[in-house]
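The values are calculated or read from the model by the stated rules, or taken from the named source; none is laboratory data. Computed from a predicted model, the values in this text were never measured in an experiment. In this analysis, Cβ positions are derived from the backbone assuming ideal geometry, glycine residues included, and neighbour counts consider all displayed protein chains. When the accessible area is computed, the model is the full protein with side chains, heavy atoms only, and any ligands, DNA or RNA have been set aside. Shrake-Rupley method; radii C 1.70, N 1.55, O 1.52, S 1.80 Å.
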Amino acid sequence: MIEMTQVSKTFGGARPAVDDLSLSIAAGEFVVLIGSSGSGKSTLLRMINRLVEPDRGEILVNGVDIRRQRPEDLRRRMGYAIQSIGLFPHWTVAQNIGTVPRLLKWTKARIDARVDELLALLHLDPAEFRHRYPHQLSGGQQQRVGVARALAADPDVLLMDEPFGALDPVTRGALQEELLRIHALSGKTVVLVTHDIDEALQLGSHIVLMNQGRIVQQGRPLDLLRRPANAFVHDFVGRTEIGLRLLALDRVAGRLRPNEAAVGEPISADLSLREALSTFVARRVDRLPVVDDQGRPAGALFFSDLLERQL
Amino acid sequence: MSRVQSALALSLLALIVLTGWLPHAGPAFALLFPDRDRLIYRQDDFADLILAHLAIVGASSLLAALLGSGVALAATRRWGLAFRPLLETLLAVSQALPPVAVLAVATPLIGFGPLPALIALFLYGLLPIAQGMLAGLDSVPEGAREVARGLGMTPAQTLWQVELPLAAPVVLAGLRTSVTINIGTAALASTVGVKTLGLPIIIGLSGFNTPYVLQGAVLVGLLALTVDLAFAALSEPLGRWRAPQPSPGEPTLAGAD
Amino acid sequence: MTWRAPVPGALALGTLISLWSLPFVRFAPNRLLTGDGLAWWRAPLGLGHWAALLPCGLLLLAWRAQSRATRVVGLPAAALWLVALPWLAGMAARQMAPEVDGLARVSLGAGFWLSWGLMALLLGELLREAAWPVWRRVLLWVGVLLALLAELSGGALDHLSLLREYANHQDAFNLAFGQHVQLVALSVAPAALLGASLGLLAARRSRVQGALFAVLNLIQTLPSIALFGLLVAPLAWLGEHVPGLGIAGIGMAPGILALTLYSLLPMTRGTLAGLQQVPAAAVDAARGMGMGSWQILWQVELPLALPVFLTGLRITAVQAVGLAEVAALIGAGGFGAIMFQGLLGSAIDLVLLGVIPVVALAIAVDLLFKLIIAGVARHD
């Protein structure tokens, strides 16, 4: 889908922002670019839609060199979302979402229908929100509109630069779930930039850890936690919290014993093991009853099973 | 009608009524100034003076708006960015220049009549407009520009659909300042015989005829107020997308002279 | 082949074009005639013609040279031009009209003013690019200013009509200076006190704010000539009916009153803005430590609001210096009297005699307040 070969970019300073970097992104993948500030992750993202032109190297999207396309046409085929300030304050929600379809000269009826469809997809009531201005929305609602706008023209690729950076933890969590749902539903390729390792582990199917313009390690979330390539990765994924983060990657459903039972308030099979651990400790028990998403008893989770298959 | 709109209607009504009534206001002025015989300014028709005043202000402000905003726009584009500090220096230095000084210098150089006044008003009018355009474009959030590019807008689309609409309230405030200043300076142009509402004031002052001064001053004041309110009414819908800002000390940019 | 420095290049080019296409000086047989323009190369400058090499050099420099070269060569060249050009014009005037009390007049042409102004901008631009500390930049400008003053007091410019006009009107000039300063000082000082009180009131009682600023904005919207005119009638009435006051419809009093009214808006706005930008946390902390409301005002709010208040005062004072120019129409005197006299007589030199000091005064007031504000801000 996206092939980057030996790209480099140096801004004013002596040190390159992106240094001789190659990266291949498969279609349908949810790729998270992560690193501390100044690692070059945003620059890399912005090269994909030519907001930044590389000094050297080439980038292919669907096998075509992006330099052979007009930047505007390229960008209209890719969704783009940044922190919540990115909404146009002088346009209503509907106008904001319809930006790219209008640039692509869709008919008004088609744009209207698409706006309503997207608002519904992001759990915003079209009748209530269509005509609001951004300043009349909460931060979370603004960001939902930002995501809807990025999705508007049904792009193959979604580029997101710290889209949830300015949100409070609860709202951020809800939107992350939302994004995962949309990704699963649409099968779009997503490239997301963040500096938050928990966000990266939760969202990414493929994580690219960057430092000083180069890729330090890439792979599935589990690979980074289990087999950090060096001390830098080990530090970045959090030395003392690796165990907890591993638990966060798995769900109760994968570890429960179906034919067992336990007493007490049941937990959902959809819960992460990290949350289950917290429940064990809080209740001072070593087994928990589990119910499935319809609320039917599904079995029990044993404390000792948290360790299984992890070594 | 909003408050601004009703104030505008009231001010416009007062201007029209007064213009119609003043020629017949001899008895009223006789009460105020009992020992005088020439009480009402009759060398020109007041309505004519208002129209002449508006014509000279309108023409100069229109030209100034076109050139001033064009120059400021150029100094914010990537290819003209190098000239921006120079423009800012010019604008800062010109703060020290009273508008009437431009008129006073232009007249002996160009000659008497409306042309030097027109040129002086045009030149001084450039300053607030360019300033407003710079400030307006600066007020556009960087995120909006960035996202416009990222979504695939061309530079022209970004300018017309995002930057200019967002800058519009501030740009209009600059135009408002420019026009308000020009209305005052145009009145001063009557000192060199240009036909504006300043004539009754100047003739009254030089002939110690206080009624003339009063008639001219009231009309000039009302005209300035009406035009200012018209701009306020015009800018109301432009900012409807903004969160309400409850600070009456801030948004007024009208200047004296 | 690209321009290394487009802005200095454009300014140097503009200097050369205005020098070549516009009259450098004008010669008139007497002061009532406009006179004929003399281009740079026709003016009797002798070897001084070679001074045109300075902008030529700056043009070349801007085209190819590195920034270090512009600093070492460009800055002195631009500064030299600013000092040399008036001296050359003065020399030309001495050649063409040798008798100081004769009828013939030599005045400065548009070519002089434009090429001098553009070079001043060029010097400013070079200084900005050099990124010198402020004191070094100020030092250079002060140096240029002192050299110009030396030319002025040394008599090198005495033969120019502007200086002859000054010599003829010296008494009026000194009187106007006194009146102008008086107009500004006597209006800005009460406006500062009143505006500070009104600003404080507006900050404390937000309900007053709307009405207060509606009135102040209304005054500010009135053209100065209208406000002066509106004050003439009531003050004349007062003067007639209360003779002891020494007030009349025209003269200093209405001028001061009108300027005070104009100054109220920026002063009140500056005070309110100053108080509003005081961090709420600071006031809260003061209250939490047990300060009373007066203590909070004097020890916390006013010191923190001072820089913004002083900025309001600076804007007000600069505005008043310019507005006072118009007050001459109602007999308040000041430099406006000289300017309007020149305007009515179509005598550009007399106009400049009434305008240049006002601009200089405005710049001086502006700089003075900026220095004070910088000093106050340093103590924070």
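Give the residue that is surrounded by the most Cβ atoms within 10 Å (Cβ to Cβ), with candidates limited to residues of the stretch A:65-80 that are touching a helix residue (DSSP H, G or I) at 6+ places or on another chain (Cβ under 6 Å) and more than 8 Å from chain B (Cβ to nearest Cβ). That would be A:Gly79. Of the listed requirements (1) assigned to a helix (DSSP H, G or I); (2) touching a residue at least 40 places away in the same chain (Cβ under 8 Å), B:Tyr41 misses just one: (1).
Residue count for the stretch A:125-164 satisfying the condition of being outside any helix (DSSP H, G or I), away from chain B (no Cβ under 12 Å) and open to solvent by 10 Å² or more (accessible area, probe 1.4 Å): 5. Within the stretch B:199-215, being at the interface with chain C (Cβ under 7 Å from one of its Cβ atoms) and either in contact (Cβ under 8 Å) with a residue 24 or more places away in the chain or open to solvent by 10 Å² or more (accessible area, probe 1.4 Å) (or both) holds for B:Leu205, B:Thr210, B:Leu214. Out of A:Leu247, A:Leu222, A:Leu271, one residue alone is within 17 Å of the chain's Cα centre (by Cα) and open to solvent by less than 70 Å² (accessible area, probe 1.4 Å). It is A:Leu222. For C:Phe228, are the conditions met, namely being closer than 29 Å to C:Leu302 by Cβ and either open to solvent by less than 20 Å² (accessible area, probe 1.4 Å) or among the acidic types (Asp, Glu) (or both)? Spelling it out, it is not the case that C:Phe228 is closer than 29 Å to C:Leu302 by Cβ and either open to solvent by less than 20 Å² (accessible area, probe 1.4 Å) or among the acidic types (Asp, Glu) (or both).
The stretch C:256-359 holds helices (runs of 4 or more DSSP H) entirely within its bounds, and those carrying 2 or more residues that are crowded, with 18+ Cβ neighbours inside 10 Å, modelled with pLDDT of 90 or more and more than 8 Å from chain B (Cβ to nearest Cβ) map to C:302-323, C:335-344.
Checked across the stretch C:25-42, the condition of being crowded, with 17+ Cβ neighbours inside 10 Å, in contact with a His (Cβ under 8 Å, 6 or more places away or on another chain) and away from every other protein chain (no Cβ under 14 Å) holds for at least one residue. Would you confirm whether any residue within the stretch B:178-185 is more than 30 Å from B:Arg38 (Cα to Cα), more than 10 Å from every other protein chain (Cβ to nearest Cβ) and not small (Gly, Ala, Ser)? Yes: the stretch B:178-185 contains one or more residues that are more than 30 Å from B:Arg38 (Cα to Cα), more than 10 Å from every other protein chain (Cβ to nearest Cβ) and not small (Gly, Ala, Ser).
Provide a single number: the residues in the stretch C:83-116 that are part of a helix (DSSP H, G or I) and either of a type in the set (Val, Ile, Thr) or open to solvent by less than 30 Å² (accessible area, probe 1.4 Å) (or both). Here the count works out to 12.
The combined condition, being touching a residue at least 60 places away in the same chain (Cβ under 8 Å) and assigned to a loop (DSSP other than H, G, I, E, B), is not fulfilled by A:Ser42.
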